[in-house]
Structures are given as structure tokens and as C-alpha cells.
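*Asks:* Please see the structure below; I have some questions.
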Amino acid sequence: MDVQYETVVGLEVHAELKTASKIFCGCSTAFGAEPNTQVCPVCAGFPGMLPVLNEKVVELAIRTGLALNAEIAEHCKFDRKNYFYPDLPKAYQISQFDAPICKKGYLDIEIDGEKKRIGITRAHMEEDAGKLIHQGDITTTPFSLVDLNRSGVPLLEIVSEPDMRSGAEARAYMEKLRAILLFAGVSDCKMQEGSLRCDANVSVRPIGQKELGVRTEIKNLNSFRALERAVDYEAKRQIEALEDGEEIIQETMTWDEESGVTRSMRSKEEADDYRYFPDPDLPPLFISQEWIDRIRASMPELPDQAQQRLMDEYGLPEYDASIITLSPDTLAFFDECLQVYPDAKTLSNWMMGEMARLLNQNNIEIQEVRVRPEGLVSMLKMIDEGKISGKIAKKVFEEMFMTGKDPEQIVEEKGLIQISDPEVLQAMIAEIIASNPKVVDDYRSGKDKAFGFFVGQVMKKTRGKANPAIVNQLLKEHLDREG
Amino acid sequence: MALTAKEVEDLALKARLKITDAEKEFFAEQLSSILKYVDKLDELDTSEVEPLIYILPVSNRFRADEIRSSASRDEILANGPLVEDFHFKVPKII
Amino acid sequence: MELYELTVHELQKLLARKESSAQEITRSIFSRIHATDEKIASFVTLTEEKAYEKASQIDKMGNYQNLAGIPYALKDLFCTRDIRTTCCSRMLEDFVPPYDSYAGRRLEEAGGILVGKLNMDEFAMGSSTEHSAFFTTRNPWDLQRVPGGSSGGSAAAVAAEQVPFSLGTDTGGSIRQPAAFCGVVGLKPTYGRVSRWGVVSYSSSLDQVGTLTRDVMDAAIILNHISGYDPMDSTSVNTAVPDYTQFLDGEVRGMKIAFPREYFQAGVDEDVRAAVKNALQLYESLGAELEEVSLPCSEYALPTYYLIAPAEASANLARFDGVRYGLRDMEAENVVEMFSQSRARGFGDEVKRRLLLGTYALSSGYYEEYYLKALKVRQLIKQDFERIFADYDLIICPTTTRTAFKIDEEIDDPLTLYMNDILTVPVNMAGLPGMSIPCGFADGLPIGMQIIGRAFDEASMLKAAFAFEQQTEFHRAKPHLEVK
């Protein structure tokens, strides 16, 4: 009998909170500094040094909790998580164990057009460790170098319920979570810089079974694509193993992006025992309702609210609205365009089409592009006014994207103005028809392809600048008239 | 509660203390006698007692999110037993 | 009278009248140290050059306010910028911190002259200085005996007139017990009164910085200088610091003093008991109201301490891993070996014992039975004290069960050694202020009386201590040191 399996995924996401200084000392959190230059005796774990909590960290954690519909704990505390590792200066990480700041939240994802609610178990504040630099791979490097710039950078660890059932769902959760964190202004969420990191817990079980299967944890998935692929791969691996009668071992895996496989990290010689206990250096936190209310009152618009607004006020389809609201910068761009160009659907087509393609291709974020909303709008107006064709517009847009020039200037410089003058086109069409009598015969004997040939010839002659609607009309008149 | 040499070995690994076989025996004996003394606490019924985690009635001690200049890199690295290329150098991880 | 014999307040008077100079005092202090330290062995580091430099600066300024021109020394777990800070451990033998402790900085800013760093039990774990990785300090009253610990060097240096005052730390009695053994005044303030910034942590919820002085006036003066809120220590408390010297008027009339029966029972030597009882009678004759009370949970304080302190220490001392500072085993082939071998070589047996014990108390499966249980008992101990302090101003009892023991007498049996702290540990558990003052002698060895106050009421404690001192001569007694 064939057993059908389902995949069960839970994610642990580490988001770097957007503060100027570290969580327990005044060192800068800026990315990319020279090694060991943003370090002080506190974050280097020197003897006798003591932590003092950055208030902004708590504020951002509360803000995140509210954005994730979570309960904010009235009382919470910090604990020490004990383990030795060369990048962990005190040999304990200050974290939150049994009293996290946020509990019981959720977010909604859309999957195959259906809304699905994913539970969020908890979110807690903690400090980041430093960075180890290896020569090549961690398993083969003869030595490693320790850079403590990251040590003490504030993190919020957000733990989901095992509510996802595929790589696609995991990806949708992660994309939505990122959007929420960005909208709430709590994190930069730059996966390449490590300010948003993700570990996935994956297990499989026969459909209908209640208990969860044995899970493995895939570490450090640093892109959405990696997350989706790794989860799907790992689930498939587990199902195949079970079908072969093997047992799944609870272990930690890494994802090899190049070969597209998960690999077991060499098992440690000892079981983890973090020996958590309350950090006596840090007094507990009391979070008053008043504090929460104050933060709630200052909450910006969140992705779900923005999506609803685009649908209600501009009639944008749900799918488009959900894509536009994946990042606050995209939404801001879109909103700015809408002010002067109310055709929301046309705008969203361009944003989701050409804009997204070029961003992806050049690997940049929308806030970095040289095209400004007014540029996009003037270009769209040129299409509407018949000055350029949609096809030419794509070229113009790419040029705008690369150079930041106005569309008018580009059209001017490159001579891309659409040819709509029937007299100019008439002459051209007459000449083409005259020199291709065979194709004319084909057309007349009912071959539709032949018409396309003539359109192509006109476009070729005009280097794509001919107004296609007018060309079609004139061609038809010519061919039918002479027949 | 008496500790065996094997348990001491496990503890020593957790605490990252290399100990000899003789030390395992020696510490097992000493720790066992300390733990036996500590078992005196069993005389007290604490089922209704809240653990005392913080001795002071203080909460919410914060600093403002302001950058203070870090230490100089030389100062941070000065005590390093092995430093290379402005990093602390450690032997292989695995 | 030599300058080194004078107390802080006596030196202050002399300097204010310009009858001496910082350089003169510093010279006297170093000549005394050089004459005595071969025998006493209080110092692990001397900072002679820097001390003379500072003394000369002060004399040039000619302004002798605060502690200007007063020499002092620090237990060697107070970090000192550009001066080796060892915690008397092989682990930190060559460690030079790039920062000062808060308390040390306050003394520096007040014009104090640091003359050196004092011996202690390694990482403050011990009661005799026999657990120093370097050498054992001798009790100035009997060189065959220990000075107590862990702040043994701090107490011995003050008793031997090597410095007028020193700072120590007290986690379970580490200031009061050596003060009692050496016949000096040792004061452990309320937890949170003095910042722990820059003081190498042993047990963060118990450690507190305090003073060792030759009399109560000096304790009040130094406490004035080191107390107060420090934004860099989240456990330092933001409450007003009074001028403690203003309470020293010799009056105890109407003060309500409790003496807990458990602290006078079996285990306490007859001589010690008698001396403290005599002191209580003196208080009564001065108009204080005395009553016997019970602190039934105090007998559980020591086992509680031996769970909480090692547990916290197991995390606090984990940072000594050979990566950023401290001893590193260079032969190790991978990091696990490097950690384990560096720590094995860097730490002494007593430290290892406590790290293993603390690791055990926090391990999964034992946390509730040991660590959590200890936190609950700690609650009971604190409540015991709160009950008494609802009705009484002070508690008085012996500091130790006996006078200083002989070197090597107790080192082989950890449990016997731990018993040294049985009368002092409850005070740390409850976070209260406590002090030890000399109250008698037995066979030529000093006896200490412990005075315990309400949280943040160091004033009452000092007031009572001063009144006793005014009526007695114990604090004036000096050990007979044959000096070369």
C-alpha cells in the first residue's frame, strides 16, 4: 500500500533589530566595518564588564510583537545560554528562555489563492555572536579568525508553529514576515548581510497522523529560494528514507546551494545542554500597558492593511496588491505614482513586470534604483498619448533604470518617437506590398501568417517605432482594397 | 546524591576542563560529599515558595540607543594570546 | 608615630594642616611594605612608580581634599588600567585590562594613591588565600596562620599597617571573615550600593565591593567615596548616599538590637561567643534594647550558597577560554581541546571544584532539584531577615565561629573550609549590609563581631559600630611584627 506523506515545517528566524548601538553596550551596529573595530570590553566579554540594556531593543521587540498579533509579556527577563564557541566571547549568550517578550502571534500567507494562518509561538530578544572566518570550509580549515564586530548586535528570534506544509509555504511565510518587519521599521532584513537569517525544522508524517515525525534542522538558509528548495529537498529525502525503511535521525543539516542538497553536519560528541539560568547582571523587565499603547499608537501601516487599501481604493486585484506590499519601498514608489497616475492596474503591471525583472537581474533594491516615480509616470503617459509603443517603452524603461534619465530625453536622443503619421506609413506599406507579390497571394489565399509578415516588415523598416494599431489598420485597408 | 567518575567526566566536558582519571575519582568523591551536605535543603518544604531570582526591587534598567566610541582595536587585541591580521586566531573548529 | 601607622582620617588632618605631604606618606608606606611583605606576603603587584608620580602631582597641586594623598591598595580582582590584574590565577597571570573598576576610579578621582594589588584566593573562591595561585598570605597576628579570605591580602595589609585602607569583595564573607581574622574593620555594603563594574565576577547576585580599614570612621569615609549609582552596572541602585560620617556620634540609646540564637550555638567557640556576648552587654549598658531572636533558615544558607555561587561562577568564568586574553594552551589541535586544556592549566583545584559543582547544579535534570531549590531557600532566608528587621534596627552576632586557623589545617577538606562562611553567608543571601569589627582576643588572635543592618541602612550599622569602638580599645591593638 502506498503511504502518502505530508511535509511539516517550522521556522526559526533571526532578525537583526534596527538600532544604532549594540544591545548591551554602545558599540555601533553598522555593517561592513574593518574587523574588530566595533568592539569594546563589554561585547568582547572582558572580565568584570557588565551589560546595560538598550531601551530601543525592547521597543522594537514590542513593536514587532504588535505587528505579529502577539501577546506582549508584562514581565520578562534575560537568561544566560551557556555554550563554548570561539565566536561567543562570554561563553554564554544573553537570551530569553522561559519568559520571552512576545508569545502567541500569527501572520497570514496566501498560498494558491487561499489564505492560510501561520502561528508564531514566540519571539525573544538576544545578542548575536561574532563571526568566524575560515580558510575555505569549516571542516577543513587549519585555523579560524575571530571578528567580534557582530558580537552584541541585537536580534529578535521569531519562532513559528510547525504550520507550514511545503517549501512554497515556508517561503511565503518568510516573505510575509520580512514584509511585516520592514513595514514595522524594526529590521533592515538584508539576507545577504545576515540581518535576516532563517533555520528550518523539517519533518514528514503519513497524512492523517497526528504526531510529528522526527525533525531535522537546516541551518542558515540565506535566501528565499534556498529556503524553498532546501525544505522541498529535505522533505523528499526524508520520505525516500522512510520508504526505504530507514529511520530519520534528529540532526542539524546544512544546505549546499550549488549541488542543491542538504548535508548532515558532523554530529557533536555531546548532547546540547545549555544550562539556562536567569542572568543576575540584568534586572527584569516590566512592560506597562501604557508603554504598549504608546507603541501601538505609533505603528505604521502594515502589509495586510496596505493590501486592503490598494484593493478597496484602487480596485487592484488581490494578487497584485499582495506583491506590491511585499516591501514598504515598493509600496511607497507605487503610492507616489498613484498620486498622479491613477491607473493602478497599469502601474502594478509595470512594477511587477519590468521593474521587478530589472531589480532582480541587477540584484538591487527598489530604494536604490535611479528611476523615480515621476519618470515612470511620464513614460506611461507617453504610451497613453501614442508617443511610444508598449514595446519601445520597455527599452525606454530599461534605459531609465540604468541611467536615471527622463523618458522624454531618452526618446528624443534615440529617436524613438512612435511613427503614427498615416502618410509616412502609407508609402512604406505600398512599397512593401509591391515588392512581395507572392506573400500577397498567400494572404489572399487565406494564410493569416502572411499578414504578420507585413507587420514585421514595417516594424523592421521603422526599427519598431511604427504605431502598431495604425499599421494594422492601413495594411488591412491596402491588402483588402487591392484584392 | 553521589557522583560517579563517569558523571564527573561528563561535567568536565560541559565545563571544558580537561581532567585526568585520577582527578575524576578525586573530584567525584569531593563533589559527592558536598552534594550530600547540600541535600540538607531537602529538609525544607519549598513547594509554595517563589524562587528569589532578583534580590533588588529594580526593573527596567536601560541605556539610550546611542553610539559610544568603541575601544581601539589595539586595546582589544593587546591581550590576545594569538592574533593575526587584526583577528584573534584559534585552531580548527572540528 | 610613623606615618604608615595613621588611619585615613588622621592622615587627612595632617595633610589639611600641611604637616605632611603625599610623597612623604607614600615613602613611609612603601618602606613599611618593603619591611614587612616578605613575611606577610599581601601584595602580588606593587605600583611604586605610578604611586610616586601621583603623589608628586598631588603635592604640586597642594590641594588635600577628599582622599588626596591617601595610599590604598586593591584586591587583585579590581581591574586596573595598564596594571596587571590576575585574580591570583595562572589564567590571568599576564592580563592587563584596558579599563579601571568603578570603585577604583572613584578612589583615583578622589586623589587616592594606589600602591599595589593584593593577594586573594583564586577568583575569590576560598577563605584563607591558600587558594591563591601564587602564595599564601600570612596573618600578621600569627605568621603560622591564615589571614582569612578571599580578601586575605586586603585584610592582612591593613592589619600589618602596609596601607591605611584597602578594598575587597564579599560574596559569602570574603571581607568580613578576613577582617575578623586580622582584627580590622571590614564592611560589606548592601548589594547594589557600590558598582561591580570592572570587578571580576565570581557570583554576580552575591558579589559586593567593600572596605577594609583600621577603624569605623575610615570605613564611613571610604564608603562615602565608593557608593552610589553607576549607570554601567544595572544592579547598582539609584538611591541617595548620605554622608556616613555624620552618624558617628557614639549614641545607641533606644536602638533595637537582635541577637539570633542560631548564631551563638554549637560550632561557635566559647571564646568567640563570650566576646560577642560581652559586646552585647556593653550595648545594653549604653542604652540599646537587646533581644534574642530566631533566624531558623540561616542554617540553610551555606548549602544554598554552594549551589548558587558555583552555578553563577560556572557561567562567569566560562569566558576564560584562551581566545581573547588569558592563558592559552598553544599545543591544542582544535578548539575543544584548546578550551579544555587552557582551562585545566589556568585554574586551580578549588576553582575547578566549584565550576564542576555549578555546572552540575544547572544541568538539565538537576536544575530544579538544585539550582531552583536554592533560589527558593534563598527566598526563605531573605524573609527570615525581613521579619526581624520589621522590629529591630540591627542584628549582632559573631563574624566567624573561631579565630584564624593554621595554614594547611583545612585546605584538604573543602567542606570544613566552606564552614568558615557559615555565619556570614546568610547576609549575602539576603543582600544586606554587614560588617565585622574587632571585639576581643583569644590566645592573642582577634575576634570579630558581625553587625548586620537593613538594606541600604549602612548608617545604623556604622553608628553602632562606632559607639562600640569609642568604648573599647580592641581596634587599637597591633600585631607584633618583627621588622627588619
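The values are calculated or read from the model by the stated rules, or taken from the named source; none is laboratory data. In this text, all values refer to a predicted model and were calculated from it rather than measured experimentally. Using ideal geometry, Cβ is built from the backbone for each residue, glycine included, and neighbour counts are taken over all protein chains shown. These area figures cover heavy atoms from the full protein model, side chains too; ligands, DNA and RNA do not enter into them. Shrake-Rupley method; radii C 1.70, N 1.55, O 1.52, S 1.80 Å.
*Asks:* A:E228 versus (1) in contact with a Lys or Arg (Cβ under 6 Å, 6 or more places away or on another chain); (2) more than 30 Å from A:E368 (Cβ to Cβ); (3) open to solvent by 30 Å² or more (accessible area, probe 1.4 Å): which is the lone unmet condition?
*Replies:* Unmet condition: (2).
*Asks:* Would you mind finding the one in C:L423, C:L375, C:L432 that is within 12 Å of chain B (Cβ to nearest Cβ), in contact with a helix residue (DSSP H, G or I) (Cβ under 8 Å, 6 or more places away or on another chain) and part of a loop (DSSP other than H, G, I, E, B)?
*Replies:* Details: C:L423 fails: within 12 Å of chain B (Cβ to nearest Cβ); C:L375 fails: part of a loop (DSSP other than H, G, I, E, B).
Result of the check over C:L423, C:L375, C:L432: C:L432.
*Asks:* Mind telling me which of the residues C:L317, C:L280, C:L356, C:L286 ends up being away from chain A (no Cβ under 13 Å), in contact with a Phe, Trp or Tyr (Cβ under 8 Å, 6 or more places away or on another chain) and at pLDDT 95 or above?
*Replies:* Values: C:L317 fails: away from chain A (no Cβ under 13 Å); C:L356 fails: away from chain A (no Cβ under 13 Å); C:L286 fails: in contact with a Phe, Trp or Tyr (Cβ under 8 Å, 6 or more places away or on another chain).
None of the other options fit; the residue is C:L280.
*Asks:* Would it be correct to say that C:A309 is more than 21 Å from B:E50 (Cα to Cα) and within 21 Å of the chain's Cα centre (by Cα)? Give the steps one after another, and end with the answer.
*Replies:* Working: more than 21 Å from B:E50 (Cα to Cα): no; within 21 Å of the chain's Cα centre (by Cα): yes.
Considered against the rule, which asks whether it is more than 21 Å from B:E50 (Cα to Cα) and within 21 Å of the chain's Cα centre (by Cα), C:A309 comes out as no.
*Asks:* Check whether at least one residue in segment C:50-66 is more than 14 Å from chain B (Cβ to nearest Cβ) and within 22 Å of the chain's Cα centre (by Cα), and report yes or no.
*Replies:* Within segment C:50-66, the subset more than 14 Å from chain B (Cβ to nearest Cβ) is C:50-66.
Add one more test, that the residue is within 22 Å of the chain's Cα centre (by Cα), and what stays is none.
The answer is no; no qualifying residue exists.
*Asks:* Evaluate the following for C:G431: is it on the phi > 0 side of the Ramachandran plot and either open to solvent by 10 Å² or more (accessible area, probe 1.4 Å) or modelled with pLDDT under 95 (or both)? Show your work before the answer.
*Replies:* Details: on the phi > 0 side of the Ramachandran plot: yes; either open to solvent by 10 Å² or more (accessible area, probe 1.4 Å) or modelled with pLDDT under 95 (or both): no.
Here the answer is no, as C:G431 does not meet what is asked.
*Asks:* For segment A:46-84, name all the residues that are open to solvent by less than 10 Å² (accessible area, probe 1.4 Å), more than 11 Å from chain B (Cβ to nearest Cβ) and without any contact (Cβ under 8 Å) to a residue 60 or more places away in the chain.
*Replies:* Matches in segment A:46-84: A:G48, A:G65.
Here is a yes/no grid of residues against (1) closer than 19 Å to A:E408 by Cα; (2) polar (S, T, N, Q); (3) open to solvent by less than 60 Å² (accessible area, probe 1.4 Å); (4) modelled with pLDDT under 95:
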{"position": "A:A297", "(1), (2), (3), (4)": "no, no, no, no"}
{"position": "A:S322", "(1), (2), (3), (4)": "no, yes, yes, yes"}
{"position": "A:Y341", "(1), (2), (3), (4)": "yes, no, yes, yes"}
{"position": "A:L358", "(1), (2), (3), (4)": "no, no, yes, yes"}
{"position": "A:V369", "(1), (2), (3), (4)": "yes, no, yes, yes"}
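*Asks:* Looking only at segment C:384-420, which residues are in a helix (DSSP H, G or I) and in contact with a helix residue (DSSP H, G or I) (Cβ under 8 Å, 6 or more places away or on another chain)? Walk me through how you get there before you give the answer.
*Replies:* From segment C:384-420, those in a helix (DSSP H, G or I) are C:384-389, C:414-420; that's our starting set.
Once the filter is applied, which keeps residues that are in a helix (DSSP H, G or I) and in contact with a helix residue (DSSP H, G or I) (Cβ under 8 Å, 6 or more places away or on another chain), segment C:384-420 yields C:D384, C:F385, C:P414, C:L415, C:Y418, C:M419, C:N420.
*Asks:* Taking segment A:259-284 on its own, how many of its residues are away from every other protein chain (no Cβ under 14 Å) and either open to solvent by 40 Å² or more (accessible area, probe 1.4 Å) or free of Cβ contacts under 8 Å to residues at least 40 places away in the same chain (or both)? Working first, answer last.
*Replies:* We begin by selecting, within segment A:259-284, every residue away from every other protein chain (no Cβ under 14 Å); these are A:259-262.
Checking which are either open to solvent by 40 Å² or more (accessible area, probe 1.4 Å) or free of Cβ contacts under 8 Å to residues at least 40 places away in the same chain (or both) leaves us with A:259-261.
Final tally of qualifying residues: 3.
*Asks:* Scan segment A:241-258 for residues that are open to solvent by 60 Å² or more (accessible area, probe 1.4 Å) and assigned to a loop (DSSP other than H, G, I, E, B) and jot them down.
*Replies:* Start the filter on segment A:241-258 by keeping residues that are open to solvent by 60 Å² or more (accessible area, probe 1.4 Å), which leaves A:243-247, A:249-250, A:257-258.
A:D244, A:G245, A:E246, A:E247, A:I249, A:Q250, A:E257, A:E258 - these are the residues of segment A:241-258 that are open to solvent by 60 Å² or more (accessible area, probe 1.4 Å) and assigned to a loop (DSSP other than H, G, I, E, B).
*Asks:* Moving to a separate point now. If only one of B:A15, B:A5, B:A78 is within 14 Å of chain A (Cβ to nearest Cβ), of a type in the set (A, V, I, L, M) and more than 30 Å from C:Q379 (Cβ to Cβ), which one is it? Outline the logic, then answer.
*Replies:* Details: B:A15 fails: more than 30 Å from C:Q379 (Cβ to Cβ); B:A5 fails: within 14 Å of chain A (Cβ to nearest Cβ).
B:A78 is the lone residue from the list that is within 14 Å of chain A (Cβ to nearest Cβ), of a type in the set (A, V, I, L, M) and more than 30 Å from C:Q379 (Cβ to Cβ).
*Asks:* Run down B:E7, B:E25 and say which single residue is part of a helix (DSSP H, G or I), in contact with a helix residue (DSSP H, G or I) (Cβ under 8 Å, 6 or more places away or on another chain), surrounded by 17 or more Cβ atoms within 10 Å (Cβ to Cβ) and acidic (D, E).
*Replies:* Values: B:E25 fails: surrounded by 17 or more Cβ atoms within 10 Å (Cβ to Cβ).
Just a single option satisfies the conditions, and that option is B:E7.
*Asks:* Of all the residues that make up segment A:110-131, how many are modelled with pLDDT of 95 or more and over 30 Å from A:C25 (Cα atoms)?
*Replies:* Initial filter on segment A:110-131 (modelled with pLDDT of 95 or more): A:116-131.
So of that shortlist, the ones also over 30 Å from A:C25 (Cα atoms) come out as A:116-119.
So the answer is 4.
Per-residue answers, yes or no, for (1) free of Cβ contacts under 8 Å to residues at least 40 places away in the same chain; (2) within 28 Å of B:V83 (Cα to Cα):
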| site | (1), (2) |
| --- | --- |
| C:E292 | yes, no |
| C:C297 | no, no |
| C:Y300 | no, no |
| C:D321 | yes, yes |
| C:R328 | yes, yes |
| C:M338 | yes, yes |
| C:A344 | yes, yes |
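*Asks:* Going through segment A:23-37 one residue at a time, which ones are open to solvent by less than 10 Å² (accessible area, probe 1.4 Å) and more than 9 Å from chain B (Cβ to nearest Cβ)?
*Replies:* Of everything in segment A:23-37, just one residue is open to solvent by less than 10 Å² (accessible area, probe 1.4 Å) and more than 9 Å from chain B (Cβ to nearest Cβ), namely A:I23.
*Asks:* Determine which member of the set C:K54, C:K60 is open to solvent by 20 Å² or more (accessible area, probe 1.4 Å), among the basic types (K, R) and touching a residue at least 24 places away in the same chain (Cβ under 8 Å).
*Replies:* Values: C:K60 fails: touching a residue at least 24 places away in the same chain (Cβ under 8 Å).
Of the residues listed, the single one that is open to solvent by 20 Å² or more (accessible area, probe 1.4 Å), among the basic types (K, R) and touching a residue at least 24 places away in the same chain (Cβ under 8 Å) is C:K54.
*Asks:* Here is a further query. Could you please find all residues in segment C:108-123 being acidic (D, E) and surrounded by fewer than 24 Cβ atoms within 10 Å (Cβ to Cβ)? So that I can check it myself, show each step before the final result.
*Replies:* The initial filter retains those residues of segment C:108-123 that are acidic (D, E), namely C:108-109, C:121-122.
Once the filter is applied, which keeps residues that are acidic (D, E) and surrounded by fewer than 24 Cβ atoms within 10 Å (Cβ to Cβ), segment C:108-123 yields C:E108, C:E109.
*Asks:* Here are the criteria: (1) without any contact (Cβ under 8 Å) to a residue 60 or more places away in the chain; (2) more than 11 Å from chain B (Cβ to nearest Cβ). Tell me which single one C:E369 does not satisfy.
*Replies:* Failing condition for C:E369: (2).
*Asks:* So which of A:I388, A:I417 is open to solvent by less than 10 Å² (accessible area, probe 1.4 Å), not aromatic (F, W, Y) and not in a helix (DSSP H, G or I)?
*Replies:* Numbers: A:I417 fails: open to solvent by less than 10 Å² (accessible area, probe 1.4 Å).
Residue meeting the stated conditions: A:I388.
*Asks:* In addition: The conditions are (1) over 22 Å from the mean Cα position of the chain (by Cα); (2) within 14 Å of chain A (Cβ to nearest Cβ); (3) farther than 21 Å from C:F30 by Cα, and C:L92 fails exactly one of them. Which is it?
*Replies:* Against the list (1) over 22 Å from the mean Cα position of the chain (by Cα); (2) within 14 Å of chain A (Cβ to nearest Cβ); (3) farther than 21 Å from C:F30 by Cα, C:L92 comes up short only on (1).
*Asks:* Going by the structure shown, is B:D85 open to solvent by 20 Å² or more (accessible area, probe 1.4 Å) and more than 7 Å from every other protein chain (Cβ to nearest Cβ)?
*Replies:* Details: open to solvent by 20 Å² or more (accessible area, probe 1.4 Å): yes; more than 7 Å from every other protein chain (Cβ to nearest Cβ): no.
Taking the combined requirement at face value, the residue does not satisfy it.
*Asks:* Continuing with the same structure: Does at least one position in segment C:328-336 carry a residue that is open to solvent by 20 Å² or more (accessible area, probe 1.4 Å) and in a helix (DSSP H, G or I)? I'd like the intermediate steps shown before the answer.
*Replies:* Filtering segment C:328-336 for residues open to solvent by 20 Å² or more (accessible area, probe 1.4 Å) gives C:328, C:330-331, C:333-334, C:336.
Then keep just the ones that are in a helix (DSSP H, G or I); that gives C:336.
Yes, some residue in segment C:328-336 is open to solvent by 20 Å² or more (accessible area, probe 1.4 Å) and in a helix (DSSP H, G or I).
*Asks:* Take segment C:135-187 and flag every residue that is open to solvent by 10 Å² or more (accessible area, probe 1.4 Å) and either among the aromatic types (F, W, Y) or part of a strand (DSSP E or B) (or both).
*Replies:* C:F135, C:W141, C:D142, C:R145
*Asks:* Looking only at segment A:96-121, how many residues end up being free of Cβ contacts under 8 Å to residues at least 60 places away in the same chain and closer than 30 Å to A:D147 by Cβ?
*Replies:* Counting residues in segment A:96-121 that are free of Cβ contacts under 8 Å to residues at least 60 places away in the same chain and closer than 30 Å to A:D147 by Cβ gives 2.
*Asks:* How many residues are part of a helix (DSSP H, G or I) and small (G, A, S) when one looks only at segment A:277-328? Before you say what the answer is, go through the steps one by one.
*Replies:* Looking only at segment A:277-328, we keep the residues that are part of a helix (DSSP H, G or I), and these are A:289-297, A:303-314, A:318-324, A:328.
Add one more test, that the residue is small (G, A, S), and what stays is A:297, A:306, A:321-322.
So the answer is 4.
*Asks:* Return the total of residues in segment A:129-159 being assigned to a strand (DSSP E or B), under 28 Å from the mean Cα position of the chain (by Cα) and buried (at least 24 other Cβ atoms within 10 Å of the Cβ).
*Replies:* The total comes to 4.
*Asks:* Mind checking which residues of segment B:37-75 are more than 7 Å from every other protein chain (Cβ to nearest Cβ) and more than 27 Å from the chain's Cα centre (by Cα)?
*Replies:* Within segment B:37-75, the first condition is being more than 7 Å from every other protein chain (Cβ to nearest Cβ), and the residues that meet it are B:39, B:42-43, B:45, B:47-48, B:57, B:69, B:72, B:74.
Within segment B:37-75, B:E43, B:D45, B:S47, B:E48, B:S69, B:S72, B:D74 meet the criteria.
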